[in-house]
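S.K.: Input: one structure, supplied below.
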Amino acid sequence: MELLKKLCEAFGPSGCEEEISAVIKEEMRPFADEIYSDSMGNLICHKKGSGKKIMYAAHMDEIGLMVTFIEETGYLRCAQIGYLPPHYSINRFVKFENGTVGVVAYEKEHEANLRQEKVFIDIGAKSKEEAEKKVSVGDCCCVMSHFAIMGDKVASKTLDNRVSCYALIRAAKEMKSDNDIYYVFTTQEEVGLRGAGPAAFKIEPDIAICIDVTMNGDTPECGKNSLKLGGGTAIKVMDHSVITGLEVRNKLISLAKENDISYQMEVITGGGTDAGAIHTVKGGVLTGAVSIPMRYIHSATETADISDIENTVKLIKAFGEATH
Ligand code: CO
Ligand code: ZN
C-alpha cells in the first residue's frame, strides 16, 4: 500500500500532471523498453513484443481547483477543474504545486445556496500583493487528505484514478507476454477524456483496455446499481461514454472464470471514462474496460476495497497474457 499512498499523494490536477507523471515513470522504468510523454502529456510506457498491440489506459490526472481571480484582500477565487463541487472542497486544505497551502472557505450567508463563485481560498496572505508572491491566476491546487486503511478498505483523496495507475503498474510488473504492450497513463480525463484519444490515435492499438474507478451501488440510499465494494473487479458493459466491445468483454468474463477472479458486471447510466474517447478513434478501436468500484467518488475520502484492486490486477494481467 506504500506505492498506492505515494501515487495518491502526488500532485496532478488535469493539465498539471508533471509530478504524478514523474512518479509513475520511475516506477515503470524496469518494466518498459521505452518511456516517453506525448504532446498531451500522456506517459507512454512501451514494452516491445511481436504479438498483438495492446494499449492499456489509466488516467493519472485528478480533479482540483484553479485560481481565477485574486481579491485585493488576498483571498483567491477559483474554478473547478473537473467535477469538484463546493460541498466537497469547503473546509478542506488545498495544496499548490509549489507547496503553498490554503484552506477553502465561504461566507456563512451563502450556505443554503453554495455556488462556486462564493467560495474562496485563504492562503494566509494579507493583500493581493502578498498573495501574488505565492500564487498566480491559472495556478492549480488539489484537496489534501489522509490515506487510511480501514479493515479491508482503503480511503484517500484521488483514488480516482491513482488506484488504477497502481493496478496497472502492478500488472506491468507481473506481466509475462510477448505482446506489444503500451501502458499509457493519460492526462485530462477529468475535464472530458482529452488525453486518451490522441494517444490511441498515435499508437493505433489492436485492442485497448481502460482501467478506472466506477460508482458503487451499496451505500444506504444511493442510486441503485449492482456494483458492490468487495464484489470483485467490474467488467464494464456500458456507461455514458461507451458500450464496450463484445469480443473484449466476453474474453474478460471467460478469463475471470478460468482464473478464479471475482468479478461483477458494470452498467452505469452516468459517468464516462477514457474508453469513451479511445473506441471511436480513427477507424474505431476494439475497447474494453475494467473498473474498481468506489464509494464517495470525487470526495477527499474516496473508498475502495483492497480485494477488488487485487482482482483488477489479476484480470488485466491475464488479459495481456492470454491475448494472441
Ligand atoms: Co473522476
Ligand atoms: Zn476516473
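S.K.: Within the stretch 66-95, find all residues whose amide N lies under 13 Å from a label point positioned 7 Å from the Cα of E117 along Cα-to-beta-carbon.
M.R.: Correct set: 78.
S.K.: Also, I was wondering about something else. Who wins for biggest fluctuation among H279, H59, H110 in a Gaussian network model of the chain, springs between alpha carbons below 10 Å?
M.R.: H110
S.K.: Based on alpha-carbon centroids, what's the gap between the stretch 1-78 and the stretch 200-246 in Å, whole number please?
M.R.: Here the answer is 21 Å between Cα centres.
S.K.: Of A79, T100, V143, whose Cα points farthest to the positive end of the dipole of the chain (charges on the beta-carbon: +1 Lys, Arg; -1 Asp, Glu; origin at the Cα centre)?
M.R.: Going by the charge dipole, the pick is V143.
S.K.: While we're here: Relative contact order (percent) for the stretch 1-128, with alpha-carbon contacts under 8 angstrom and 6 or more residues of separation? Before the final figure, lay out each step's value.
M.R.: Values: 185 pairs, mean separation 25.7, N = 128.
About 20 percent, as a whole number.
S.K.: Moving to a separate point now. Viscosity 1.002 mPa s, temperature 20 °C: Stokes-Einstein D of the stretch 64-143 from its Kirkwood Cα radius, in µm² per second?
M.R.: Calculated translational D: 174 µm²/s.
S.K.: Considering Cα pairs under 8 angstrom that are at least six residues apart, work out the relative contact order of the stretch 64-143 and quote it in whole percent.
M.R.: Relative contact order for the stretch 64-143 comes out at 44 percent.
S.K.: Using only the alpha-carbon atoms of the stretch 169-233 as identical scatterers, what base-10 log of I(q)/I(0) does the Debye formula give at q = 0.23, 0.26, 0.28 Å⁻¹?
M.R.: Calculated log10 I(q)/I(0) at the listed q: -1.05, -1.13, -1.20.
S.K.: Using a Gaussian network model of the chain with C-alpha springs under 10 Å, which one of E190, E34, E109 is most mobile by mean-square fluctuation?
M.R.: E109
S.K.: Return the FRET efficiency for the residue pair V267, S307: r is the Cβ-Cβ distance, R0 is 25 Å, and the value is rounded to the nearest 0.05.
M.R.: Between V267 and S307 the formula returns 0.70.
S.K.: Is the stretch 146-273 best put as rounded, prolate or oblate by its Cα gyration tensor, with a ≥ b ≥ c the root eigenvalues, rounded for a/c under 1.5, and otherwise prolate when a/b is larger than b/c, oblate when not?
M.R.: Rounded, because the longest to shortest axis ratio a/c is under 1.5.
S.K.: Under 15 Å from a point placed 7 Å out from the Cα of F93 along the Cα-to-Cβ direction: which residues of the stretch 130-155 have their backbone N that close?
M.R.: 142-148
S.K.: I would also like to ask the following. Show me the ranking of peptides 214-223, 298-307 by mean Cβ neighbours inside 10 Å, starting with the highest.
M.R.: Descending packing order for the listed peptides: 298-307, 214-223.
S.K.: Expressed in nm to one decimal, what extension gain is obtained for the pair Y296 and K224 from 0.36 nm per residue of sequence separation less their Cα-Cα distance?
M.R.: 24.5 nm
S.K.: Can you list the HN-Hα couplings for the stretch 255-261, worked out from phi with the Karplus curve (6.51, -1.76, 1.60; θ = phi - 60°), rounded to whole Hz and with x for Gly and Pro?
M.R.: Residue by residue, the stretch 255-261 yields 5, 4, 4, 4, 9, 6, 9 Hz.
S.K.: Restricting to DSSP H runs of at least four residues, report the calculated mean residue ellipticity at 222 nm for the chain, -39500 (n - 2.57) per run over all residues, nearest 500 deg cm²/dmol.
M.R.: After summing the helix terms and dividing by the residues of the chain, the value is -8000 deg cm²/dmol.
S.K.: With the crude spin-label approximation of a point 7 Å out along Cα→Cβ, what separation in nm comes out for L3 versus E129?
M.R.: Going from the L3 label point to the E129 one covers 5.1 nm.
S.K.: With only Lys, Arg, Asp and Glu charged, each at its Cβ (+1 for the first two, -1 for the last two), find how big the charge dipole of the chain is about the Cα centre; round to the nearest 20 debye.
M.R.: The calculated dipole for the chain is roughly 480 debye.
S.K.: Give, rounded to the nearest 20 debye, the magnitude of the charge dipole that the stretch 64-143 has about its Cα centre when Lys and Arg contribute +1 at Cβ and Asp and Glu contribute -1 at Cβ. It would help to have the intermediate numbers written out before the result.
M.R.: On the way: 10 positive and 12 negative charges, 40 e Å.
The dipole of the stretch 64-143 has a size of about 200 debye.
S.K.: If I take every Cα pair under 8 Å that is 6 or more residues apart in the chain, average their sequence separation and divide by the length, what percent do I get for the relative contact order? Write out the running numbers ahead of the final one.
M.R.: Details: 789 pairs, mean separation 73.2, N = 324.
23 percent.
S.K.: Okay, moving on. Kindly give Rg over Rh for the chain, based on alpha-carbon atoms, with the Kirkwood expression for the hydrodynamic radius.
M.R.: The Rg/Rh ratio comes out at 0.99.
Every read-out reported here was derived from the displayed coordinates using simple, explicitly stated rules and does not represent laboratory data. Because the structure is predicted, anything quoted here is derived from the model rather than measured. Quick reminder, even Gly has a Cβ in these numbers, built from the backbone with ideal geometry, and neighbours come from all protein chains shown.
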